[in-house]
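S.K.: What follows is a single structure, and I will ask about it in a moment.
The values are calculated or read from the model by the stated rules, or taken from the named source; none is laboratory data. Fair warning: this is a prediction, and the values are worked out from it, not measured in the lab. For neighbour counting, all protein chains shown are included, and Cβ atoms are generated from backbone atoms with ideal geometry for every residue, glycine included. Heads up: the accessible areas ignore ligands, DNA and RNA and are worked out on the full protein's heavy atoms, side chains in. Shrake-Rupley method; radii C 1.70, N 1.55, O 1.52, S 1.80 Å.
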Amino acid sequence: MSDSHFSTVTLRDVLMTVETGSRPQGGSDQSMHGIPSLGGENIRSDGSLDLHNIRRIPEQFYLKMSSGHLHSDDVLINKDGAQTGKIAIYKGEFEQAAINEHCFLLRGGPVIDQNYLYYCLLSQDVQRKIILQITGSAQPGLNQRFFDYVHIPLPPIEEQRRIAEVLDSVDETIQAAKRERDKLVQLRAGLAADLLSGRVRTVVG
């Protein structure tokens, strides 16, 4: 993307909302009750969200939060810790959800498509730019000033949507392949258990 023929802008130029969240005193928990609270540990390096073992916060605390309420298509970025800079997009998986203090949520203005913003931030070129803005060694992190220093290409909005649609299609293919792989892994595990227990015998030719 560094050789882009499109004009470039800073992230600050296209973002309408940048928020971080919070947790109650004592933190969140993994009970079945309360509002899901996503953090950096829920953002995978491949850009997907890990929605297993979600931590939760009390609904009363959620309602009092002044920022960090998730909306569908919010782009998330891990803002501190060992894996600072990881990106994901939230697709409204829960009726209500929030982020904790370790994430930024990003909402673009009318000049940028949210899915395009996600793929743009996930690209190798922009990830390199983000990494250059990480400060601190003992506790690495990003502050809001990094939005002024990371440039992204900005094609017309219809072109953005076409780019995002193509990349969505590729992602769907990748996810389908992963699901097939998982099925085969489970099949192998079950077959190995049967063979090693003697419940199923190999055929001798």
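S.K.: Setting aside same-chain residues fewer than 8 positions from Lys129, which lysines have a Cα under 17 Å from its Cα?
M.R.: Lys79, Lys86
S.K.: Modelling each spin label as a point 7 Å along the Cα-to-Cβ direction, I'd like the Leu184/Ser7 distance in nm, to one decimal.
M.R.: Between Leu184 and Ser7, the label points sit 4.8 nm apart.
S.K.: While we're looking at this one, here's another question. With Kirkwood's inverse mean 1/r over C-alpha pairs for Rh, give me the Rg to Rh ratio of segment 77-150, two decimals please.
M.R.: With Rh from the inverse mean 1/r over Cα pairs, Rg/Rh is 0.97.
S.K.: Moving on. Could you work out, for segment 1-159, what percent of all Cα-Cα pairs fall into each 5 Å distance bin, beginning at 0 Å and stopping at the bin that holds the largest distance?
M.R.: Cα pair-distance distribution for segment 1-159, in percent: 2, 9, 19, 22, 20, 14, 9, 4, 2, 0.
S.K.: For the pair Thr202 and Ile134, what calculated FRET efficiency results from E = 1/(1 + (r/R0)^6), where r is the Cβ-Cβ distance and R0 = 45 Å, to the nearest 0.05?
M.R.: Values: r = 54 Å, r/R0 = 1.20.
With a Förster radius of 45 Å, E is 0.25.
S.K.: Ranked by accessible surface with a 1.4 Å probe, highest first, in what order do Val170, Val9 come?
M.R.: Details: Val170 70, Val9 30 Å².
Per-residue accessible area, sorted high to low, gives Val170, Val9.
S.K.: Next up: Provide the solvent-accessible area of Lys79, counting protein heavy atoms only and rolling a 1.4 Å probe, rounded to the nearest 10 Å².
M.R.: It works out to around 40 Å².
S.K.: Same structure, new question: Rank Phe104, Phe61 by accessible area, highest first, at a 1.4 Å probe radius?
M.R.: The residues order as Phe61, Phe104, largest area first.
S.K.: In addition: Where only protein heavy atoms count, and the probe is 1.4 Å, what is the accessible area per residue for segment 77-205 in Å²?
M.R.: Per residue, segment 77-205 has 60 Å² of solvent-accessible surface.
S.K.: Shifting gears a bit: I'd like to compare 194-202, 171-179: which one has the highest average count of other Cβ atoms within 10 Å, and what's the full order after that?
M.R.: Descending mean neighbour count gives 171-179, 194-202.
S.K.: Sort 142-153, 43-54 for me by packing, meaning the mean count of neighbouring Cβ atoms within 10 Å per residue, highest on top.
M.R.: Taking the mean over residues of other Cβ atoms within 10 Å, the ranking is 142-153, 43-54.
S.K.: Same structure again: Can you give the calculated 222 nm mean residue ellipticity of the chain, where each DSSP H run of n ≥ 4 adds -39,500 (n - 2.57) and the sum is split over every residue, rounded to the nearest 500 deg cm²/dmol?
M.R.: It lands at -11000 deg cm²/dmol.
S.K.: With a 1.4 Å probe and all protein chains left in place, how much of the accessible area of segment 3-122 comes from carbon and sulfur atoms, in whole percent?
M.R.: After summing per-atom areas, the C and S share lands at 48 percent.
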